[in-house]
1. Of all the helices (runs of 4 or more DSSP H) wholly in region 109-171, which have at least 1 residues that are under 20 Å from the mean Cα position of the chain (by Cα), within 16 Å of the ligand (Cβ to nearest atom) and buried (at least 24 other Cβ atoms within 10 Å of the Cβ)?
2. If you scan region 308-353, which residues turn out to be exposed (fewer than 12 other Cβ atoms within 10 Å of the Cβ) and among the basic types (Lys, Arg)?
3. Kindly establish whether residue 314 is assigned to a helix (DSSP H, G or I), under 24 Å from residue 69 (Cβ atoms) and either free of Cβ contacts under 8 Å to residues at least 12 places away in the same chain or hydroxyl-bearing (Ser, Thr, Tyr) (or both).
4. Could you please tell me which pairs satisfy a Cβ distance under 7 Å, a separation of 6+ or placement on different chains, a first residue in region 1-27 that is in contact (Cβ under 8 Å) with a residue 40 or more places away in the chain and closer than 29 Å to residue 89 by Cβ, and a second residue that is of a type in the set (Lys, Arg) and more than 8 Å from the ligand (Cβ to nearest atom)?
5. Could you tell me whether any residue of region 42-63 is of a type in the set (Asp, Glu), at pLDDT 95 or above and touching a helix residue (DSSP H, G or I) at 6+ places or on another chain (Cβ under 7 Å)?
6. I need the full set of residues from region 279-292 which are surrounded by 22 or more Cβ atoms within 10 Å (Cβ to Cβ) and in a helix (DSSP H, G or I), in order please.
7. Looking only at region 2-12, filter to residues that are assigned to a loop (DSSP other than H, G, I, E, B) and either closer than 21 Å to residue 267 by Cα or near the ligand (Cβ under 7 Å from one of its atoms) (or both); which one of those is modelled with the lowest pLDDT?
Amino acid sequence: MQHLYLHVPFCTRRCSYCDFSIAVRKRIPAREYVDAVLQELRRVLTDPGRPPADSDHGLETIYLGGGTPSRLPGEAIASLLTSLREVFSVTSFRDELEVTLEANPEDVTRDAATTWRRAGINRVSLGAQSFDDRALQWMHRSHDAARIGAAVRTLRAAGIDNISLDLIFALPAELARDWGRDLERALALLPAHLSLYGLTVEERTPLARWISRGAASPPDDERYAEEYLLAHSRLAACGYEFYEVSNAARQGCRSRHNSAYWSGRPYAGLGPAAHSFDGAARRWNLPAWEAYRRAVAAGRSPVAFQETLSDEQRELERVYLALRTDAGLPLASLSRPLPSATVRWLERGWAEVRDERLVCRPEGWLRLDALVRDLTDRLTTS
Ligand code: SF4
């Protein structure tokens, strides 16, 4: 096991755009959560179908995502990581192990950050989303802009320098959110990494309801493209590399955990709604916290669904994942001559050939689905 994901489903309230599988709780059932995921881990490790894992020598990354993992008390996070060390029979995690915690700015206190660092957290992905208080309120976020800078300073003071900021772009025009100003505010904090997501409208969210009754504008593709391209030019000017369609990093600060997903490597996921992939089959857990907890407590598997990927699915996924990143797709896996649609992409500057690989430019990443559709009709088996 090299990459371990733990899904922590708890949130204070639901953000206006979010359709994730979460559990809104005032009181976080921390002990129950820690017990459940550790029980699931023991079940996974004793599965007769997998090789024994008695040390962390193979373990490269741990990622606590959500939900809002920072809603767990610091002691629960420390206890969880201590138990993981016991399960993997090591006294301490090696420094080079990447251990990420997703956190909301309002949860970053001096005590919490110190506890996280002592527990082994060495990377924090901070849900900033915007530096505009009006936009934050509209999103139903539970922090204001001032908390973001304070959280970054607190994390650094506790010894956590590897900080990523999440930002959302393409907000409705009526909010008059200044995306360029938000980028400058984020860059001024000198984060190691930035994740930028365009607002999407998911069914059964407050945002979808607002749009259906005319209280918010529907998505605007032009605004989306403009803001996405502005982010590319501003971040490039400040030394960040976009290494994936939504992620940019300073040199040496790419997310190793997420990079494993994008390069098709196996990973194990624990917790409600967590996904796992063993290189051939993908499975995902029961999404609702209570159903997951009851299954694990009763000694039943929490896996809700499992599928073995067909050759066609694997090929589609390989192309899609490769083109999402700056690694691109080897030309050797494409039929020659190149499909005429792909040649048009190259002529228009939406993609380029770099070191014998087809790599998207920002304009291509905006149209990624179309390129993948075109290529997967014509791929030769490599
Ligand atoms: S904090 Fe994150 S997971 Fe929770 S509701 Fe908001 S966007 Fe969704």
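The values are calculated or read from the model by the stated rules, or taken from the named source; none is laboratory data. It should be emphasised that the depicted structure is a prediction, and the values quoted were computed from it without experimental measurement. Note that we place each Cβ from the backbone using ideal geometry, even for glycine, and neighbour counts take in every protein chain shown.
1. 145-157
2. 336
3. no
4. 2/265; 3/265
5. Checked against the condition, which is being of a type in the set (Asp, Glu), at pLDDT 95 or above and touching a helix residue (DSSP H, G or I) at 6+ places or on another chain (Cβ under 7 Å), region 42-63 yields no hits at all.
6. Those that are surrounded by 22 or more Cβ atoms within 10 Å (Cβ to Cβ) and in a helix (DSSP H, G or I): 289, 292.
7. 2
Okay, residues lined up against (1) crowded, with 21+ Cβ neighbours inside 10 Å; (2) within 16 Å of the ligand (Cβ to nearest atom); (3) in a loop (DSSP other than H, G, I, E, B):
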position: 15; (1), (2), (3): yes, yes, yes
position: 18; (1), (2), (3): no, yes, yes
position: 28; (1), (2), (3): no, yes, yes
position: 36; (1), (2), (3): yes, no, no
position: 39; (1), (2), (3): no, no, no
